[in-house]
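This report refers to the structure that appears directly beneath it.
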Amino acid sequence: MAKRREHMTAEYYGKLHSESSGYKENNWLMPEVDNVLSCQPKSLLEIGVGNGRFLTEAAKRVDRVIGVDWAASPVAKGMPANVELIIADVTRHPLPSVDLICSADVLEHFAPDAVDGVLASIHIAAQRNFHVIACYDDGHSHLSIFPPEVWLAKFRSLSADYRLVRSEVRGRKKGTICVIANY
């Protein structure tokens, strides 16, 4: 784990965004667009924007859209006018207040000792949350590998309103993912 943590930098993720076809093509929030936006937010913040596809789609239905990532993605250029991109480390910088914060395949990239602080920051910045979390070891960048029940307990330590929307097995690695929301 320590060796893995050493290379987890903004530069590392910037390189993945620039060179990895998986990072350029996949966006695990895209299949969730209707579920995420079912609470009809006026403002939305996505943590870990990746290729920016979700932000572009959300901007069609949400007045103010913000994407926060610590690595700029070259494919996230040309965003609609109502999208703001912020380059920041959410473990160190406060998040702007919005109606909804969402993420997909992001929270597991934080070190275990940072997860509780990140979740508290997310919870404080938005009354609604929707998160897709990979609960498996991807062999290179997942640092916080917890089963769905542990992720739910972490969110529920902030509010009893959080619920496990679903958990399922994804992809050829047969890794479990979970979806946690509080609406």
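Can you pull the percent of segment 129-183's accessible area that's carbon plus sulfur, 1.4 Å probe, other chains left in place? Carbon and sulfur atoms account for 51 percent of the accessible area of segment 129-183. Classify segment 24-176: rounded, prolate or oblate, from the alpha-carbon gyration tensor (a ≥ b ≥ c, eigenvalue square roots; a/c under 1.5 rounded; otherwise prolate if a/b is larger than b/c)? Taking the square roots of the gyration eigenvalues as a ≥ b ≥ c, segment 24-176 is rounded.
Computed from the C-beta positions of Glu84 and Lys174, the FRET efficiency with R₀ = 35 Å rounds to 0.40. Decide, for segment 46-88, between rounded, prolate and oblate: order the square roots of the alpha carbon gyration tensor eigenvalues as a ≥ b ≥ c, take rounded if a/c falls under 1.5, and otherwise choose prolate if a/b is larger than b/c, else oblate. It comes out prolate by the Cα gyration axes. What does the charge count near Ala104 come to, summing +1 for each Lys or Arg and -1 for each Asp or Glu among other residues with Cβ under 13 Å from its Cβ? Within the 13 Å Cβ shell, the charges total -4. Taking amide H atoms as placed 1.01 Å from N in the peptide plane, the amide H of Phe110 lies under 5 Å from those of Leu143, Ser144, each 5 or more residues away in sequence or on another chain.
Sorting the segments 131-144, 44-57, 77-90, 95-108 by their residues' average number of neighbouring beta-carbon atoms within 10 angstrom, most packed first, yields 44-57, 95-108, 131-144, 77-90.
Which of rounded, prolate, oblate describes segment 86-183, given a ≥ b ≥ c as roots of the alpha-carbon gyration tensor eigenvalues and a/c under 1.5 marking rounded, otherwise prolate only if a/b is larger than b/c? Oblate, since a/c reaches 1.5 and b/c is not below a/b. Evaluating 6.51 cos²θ - 1.76 cosθ + 1.60 at θ = phi - 60° for every residue in segment 87-104, the Karplus couplings come out as 9, 7, 8, 5, 7, 10, 10, x, 8, x, 6, 9, 6, 9, 10, 9, 7, 9 Hz, glycine and proline recorded as x.
The alpha-carbon of Lys174 sits under 13 angstrom from the alpha-carbons of these aspartates and glutamates, leaving out residues fewer than 8 places away in its chain: Asp137, Asp138. What is the set of long-range amide H partners of Arg170 at a cut-off below 5 Å, with H atoms built 1.01 Å from backbone N? For Arg170, the qualifying residues are Gly175, Thr176, Ile177.
The values are calculated or read from the model by the stated rules, or taken from the named source; none is laboratory data. Bear in mind the structure is a predicted one, so any value in this text is a computation, not a measurement. Positions of Cβ are backbone-derived with ideal geometry, glycine not excepted, and every protein chain shown enters the neighbour counts. Surface accessibility is based on the protein's heavy atoms, side chains included, excluding ligands, DNA and RNA. Shrake-Rupley method; radii C 1.70, N 1.55, O 1.52, S 1.80 Å.
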